[in-house]
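Written out below as structure tokens is the structure these notes cover.
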Amino acid sequence: MSTSTAPSPAGAGQELRPDRKKSRWHYDVLGLLTAVLMAFPVYWLVISALRPNHEIRSYDQTLWPSSLTFDNFARAVKQENFATAVQSSLIVSVTAVVGGMIIATLAALAIGRFRFFGRKALLMVLILVQMLPPTAMLIPIYAQLNAIGGLDEYWGLIVVYLVSTLPFAIVMIRGFVVNIPVELEESAMVDGCTRMGAFRRVIFPLLAPGLAAASIFALVNAWNEYLFAYILINDNSKYTLNVWLMTFTTERGTDYGALMAASTLIALPVVVFFMIIQKKMAAGLTSGAVKG
């Protein structure tokens, strides 16, 4: 008497695995093409910065230049007001990011931990504010800063950048706050910590992923912003880097090589900051486990 053994579910899954691999190559090709399309502008920017100026103006463009040169970077660094533009961007961006993260963390902690009248309405307003385009608020902001003497001042631009990043930062950090068990904070307070001590030793380290993501958004918003910096700052010595790029266009034309080189230099700090914060985000995602 013979008995037949039915194939196990695991074996059936293993038999279907090659078919799944064959059907996924379309998605792999699509993902590769998307990555190439997204990376090509960055590649062209860097290559144009390293390309000789006569090749940039030529109608016969190639994917790789005949020779590489750093003369464009030399002209960009020697451009007038380069040092002051770097200083202005650092002052505005760093202050806006640090101030925004402090205020957003405290606000997210209050919304996520405490119950008060209008809490849900406040959260809804924060979400709706993000839907407003910045250009719609340009004239009111200009009028208010003009009334209080904030034009041509660093603090006026810092306040604009800080406030513009607060809604997104508060909503994002709040999501991390509500996912942290209240018992962790209460246990720390039972062990002798004050509320501020429990926040500093228990809650704050677990907020690292949210703070990292929000700080990247705030830095990109402040570092790459052009419109408000161009309208609110008229002093050449206080131009940020993005407004300073206009100096490469004169009556005689545009120095495209130096312009591409300067744009590459401006993009580097954000890329470096993201690479550093990315490690912090990966570490923070695993630091929330409670150790026994």
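Springs between Cα atoms under 10 Å define the GNM used for the chain, and in it the highest mean-square fluctuation of Glu80, Glu183, Glu55 occurs at Glu183. Evaluating 6.51 cos²θ - 1.76 cosθ + 1.60 at θ = phi - 60° for every residue in segment 231-248, the Karplus couplings come out as 7, 8, 10, 10, 7, 4, 6, 10, 4, 7, 5, 5, 6, 4, 4, 5, 5, 7 Hz, glycine and proline recorded as x.
Applying 1/(1 + (r/R0)^6) with r as the Cβ-Cβ distance of Ala267 and Leu33 and R0 = 22 angstrom yields a FRET efficiency of 0.40.
Placing R0 at 30 angstrom, the Cβ-Cβ distance between Ala147 and Lys120 gives a FRET efficiency of 0.35 after rounding to 0.05. The simple Förster model, with R0 at 35 Å and r as the Cβ-Cβ distance, assigns Trp44 and Ile139 a FRET efficiency of 0.45. Residue by residue, segment 121-136 carries 3J(HN,Hα) couplings of 5, 5, 5, 5, 5, 4, 5, 5, 4, 5, 7, 6, x, x, 5, 5 Hz when phi is fed to the Karplus relation 6.51 cos²θ - 1.76 cosθ + 1.60 (θ = phi - 60°); x denotes Gly or Pro.
Once the Cα-Cα distance is subtracted from the 0.36 nm per residue extended length, the Leu90 to Asp235 segment shows a gain of 50.5 nm.
One quarter of the convex hull surface built on the alpha carbon atoms of the chain amounts to 28.0 nm², the projected area averaged over directions.
Every number in this text was worked out from the coordinates using simple rules, so none of it is lab data. Predicted model, so just to flag it, every value in this text is computed and none were measured. Glycine also receives a Cβ, built like all others from the backbone with ideal geometry; neighbour counts cover every protein chain displayed.
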